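The values are calculated or read from the model by the stated rules, or taken from the named source; none is laboratory data. Predicted, not measured: the structure shown is a model, and the values here were computed from it. Positions of Cβ are backbone-derived with ideal geometry, glycine not excepted, and every protein chain shown enters the neighbour counts. The accessibility values were calculated without ligands, DNA or RNA, using every heavy atom of the protein model including side chains. Shrake-Rupley method; radii C 1.70, N 1.55, O 1.52, S 1.80 Å.
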Amino acid sequence: AEDYRDALARIAAFAAPRLADWVGIDIAAADTGRPQRLATAHVDPEKVELAAAFVAQTEGQASPETGIWHVIRTGQAQLWPELPREALEAQARDAEQLRMLRALDMQSAMIVPLRGKSTVFGAISLVYSGARRRYTADDLAVAEERADRIALLIERRRAEEEAEAANR
């Protein structure tokens, strides 16, 4: 049976060419609240692995005060029309992370919360790379509206799976 992770992968793959060059979907772990990347998509097939590897490498560095963790905790979306290259590169821990950052060429980003009926349980990260375009407040509004619909779908799918597991 298809589980909600398959649905997340499909959502990410759908969003990648339409809303972003790189899409990541994180769901908060039930016990710690720590975001876990469950789906990644990239318009460049060669960069899907790179994007996943970069997230895996930097996961432990994420601070609860910023980014995905912050969006899940506060329910407030974040928008960076222009990602300052120097600030991004300053976060690289070593030459390998710097190489990955430069290859991913992130230029503009937004992170929107996945809001369930009672809690924010995850977030979708959308990134433009290269010179293609930049996110605006209008893009953020569209992304938030779509994320709300996606969240309800995911929540329903997860509830069904939990019910099935309980019945077994």
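Out of everything in the range 6-32 that is assigned to a loop (DSSP other than H, G, I, E, B) and open to solvent by 30 Å² or more (accessible area, probe 1.4 Å), what residue ends up being farthest from Glu162 (Cα to Cα)?
Thr32
So how many residues does the range 44-63 have that are within 20 Å of Trp80 (Cα to Cα) and not in a helix (DSSP H, G or I)?
2
Could you figure out which of (1) part of a helix (DSSP H, G or I); (2) open to solvent by 80 Å² or more (accessible area, probe 1.4 Å) isn't true of Glu82?
(1)
Return the residues of the range 121-151 that are in contact with a Lys or Arg (Cβ under 8 Å, 6 or more places away or on another chain) and surrounded by fewer than 18 Cβ atoms within 10 Å (Cβ to Cβ); say none if nothing qualifies.
Answer for the range 121-151, where residues must be in contact with a Lys or Arg (Cβ under 8 Å, 6 or more places away or on another chain) and surrounded by fewer than 18 Cβ atoms within 10 Å (Cβ to Cβ): just Asp148.
Among the residues of the range 85-120, what is the count of those that are open to solvent by less than 60 Å² (accessible area, probe 1.4 Å) and not aliphatic (A, V, I, L, M)?
Total satisfying the criteria: 7.
Just to be sure, is Met110 touching a strand residue (DSSP E or B) at 6+ places or on another chain (Cβ under 7 Å) and closer than 29 Å to Ala30 by Cα?
yes
Pick out the one residue from Pro81, Pro17 that is more than 15 Å from Ala147 (Cβ to Cβ), in contact with a Lys or Arg (Cβ under 6 Å, 6 or more places away or on another chain) and of a type outside the set (Asp, Glu).
So the residue among Pro81, Pro17 that is more than 15 Å from Ala147 (Cβ to Cβ), in contact with a Lys or Arg (Cβ under 6 Å, 6 or more places away or on another chain) and of a type outside the set (Asp, Glu) is Pro81.
For the subset of the range 17-55 comprising residues that are of a type in the set (A, V, I, L, M) and in contact with a His (Cβ under 6 Å, 6 or more places away or on another chain), which member is farthest from Ile68 (Cα to Cα)?
Going through the qualifying residues, I end up with Val48.
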